[in-house]
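Here, each number is a calculation from the coordinates, and none is a lab measurement. Since the structure is predicted, the reported quantities are computational estimates derived from the model, not experimental observations. For neighbour counting, all protein chains shown are included, and Cβ atoms are generated from backbone atoms with ideal geometry for every residue, glycine included.
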Amino acid sequence: MIFLILAICASVFVSIFLKIARKQNLDIAQAILINYITAIILCFLLLKPNLTPDIFNQGASIFISLGVLLPSVFIIMAKAVQMVGIAKSDVAQRLALFLPILASFTIFGEDLTLAKGLGILLAFASLIALTYKPAHTVNHKADLKNTALILGGVWVGYGVIDILFKQMSKQGSVFSNTLTVSFILAFVLLFVYLLVNKTKWQAKSLASGVILGVLNFCNILFYIKAHQAFKDDPTLVFAGMNIGVICLGAIVGLLIFKEKISKINGVGIILGICAVWCLSYLK
């Protein structure tokens, strides 16, 4: 459980960084670019990957998919926030949990028990309540078709990334090879994207990417380790991560940024605790 808790904490620190970065007018895309370089360096220093030609036989489909999806989902999410607002975008990201949970029982062979079924229902109810925001925070200018497409992209993107990290965890100790190459490919693709868009480089935005890289590396590493620790209970990790991040994020938002938690959000925190309890302790 310690790896899951550490992954949740690291993810919340990433959210705190992004919140502060926006207030400081940092270019998030440039920070994410350097984030990948930092993550690559940490992979070599801490995980000691062995990048032999065999890696293309071990996990090519995973690192190619992740290398493309990691920067792509960032771009899609940014456009979603611009088009339809933070509220709908956040809901689409969190409800992407449906895909990895479906994969738990169809791909990873987890048994669906009554307790897990109850936990899953509580998890989705919790996510809906936790991500509730007043309607006035949403941009209604986007048409229905574009809204469906952009939110569908967020939903599928984040869901598939979670599934790929679970697949990576099944590689055992050699997951470091796949993770390192994923970061390298993500860096190359995002760098090309920024060049094509004639980005004006900012020293402070690039420098901030080092901090983001450390936090993001810890988030992903501990998330994979959590999947390895609960190799037979992927649903617990998928749901626990999503619920934990939002619950802890809400508490941090209240205590540090003085953000209000509505009664519905409070109910969501309680439902989330019940969901994780069902998935963890009931059999």
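Per-structure values
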{"item": "Simple spin-label estimate for Ser15 and Tyr193 in nanometres, 7 Å along Cα-Cβ", "result": "2.2 nm"}
{"item": "Net charge over other residues, Cβ less than 12 angstrom from the Cβ of Val154 (K, R count +1; D, E count -1)", "result": "+2"}
{"item": "Cα gyration tensor category, rounded, prolate or oblate, for region 23-77 with a/c compared to 1.5", "result": "oblate"}
{"item": "Of the DSSP H helices in the chain, those whose Cα atoms cover at least 30 Å axially and whose Kyte score averages 0.5 or more", "result": "2-23, 60-84, 144-169, 175-196, 203-229, 234-255"}
{"item": "Restricting region 253-283 to chymotrypsin sites (Phe, Trp or Tyr not before Pro) in coil, as DSSP defines it, with at most 13 other Cβ within 10 Å", "result": "Phe257"}
{"item": "Cβ-based exposure ranking for Leu99, Leu279, in which fewest neighbours within 10 Å come first", "result": "Leu99, Leu279"}
{"item": "Aspartates and glutamates whose Cα lies under 19 Å from that of Lys263, excluding same-chain neighbours fewer than 8 positions away", "result": "Asp90"}
{"item": "Check: the chain dipole with +1 on Lys, Arg Cβ and -1 on Asp, Glu Cβ, in debye", "result": "800 debye"}
{"item": "Eligible lysines near Lys166 by straight Cα distance, threshold 29 Å, same-chain separation 8 or greater", "result": "Lys19, Lys48, Lys79, Lys88, Lys116, Lys225, Lys231, Lys283"}
{"item": "Translational D in µm²/s for region 171-282 (Stokes-Einstein at 25 °C, 0.890 mPa s, Kirkwood Rh from C-alpha pairs)", "result": "142 µm²/s"}
{"item": "DSSP-loop trypsin sites (Lys or Arg not before Pro) across region 180-239, with at most 11 other Cβ within 10 angstrom", "result": "Lys198, Lys200"}
{"item": "Contact order relative to length of region 2-281, as percent, for alpha carbon pairs under 8 angstrom and 6 or more apart", "result": "43 percent"}
{"item": "Global size of the chain as Cα Rg and Dmax, reported in angstrom", "result": "18.5, 55"}
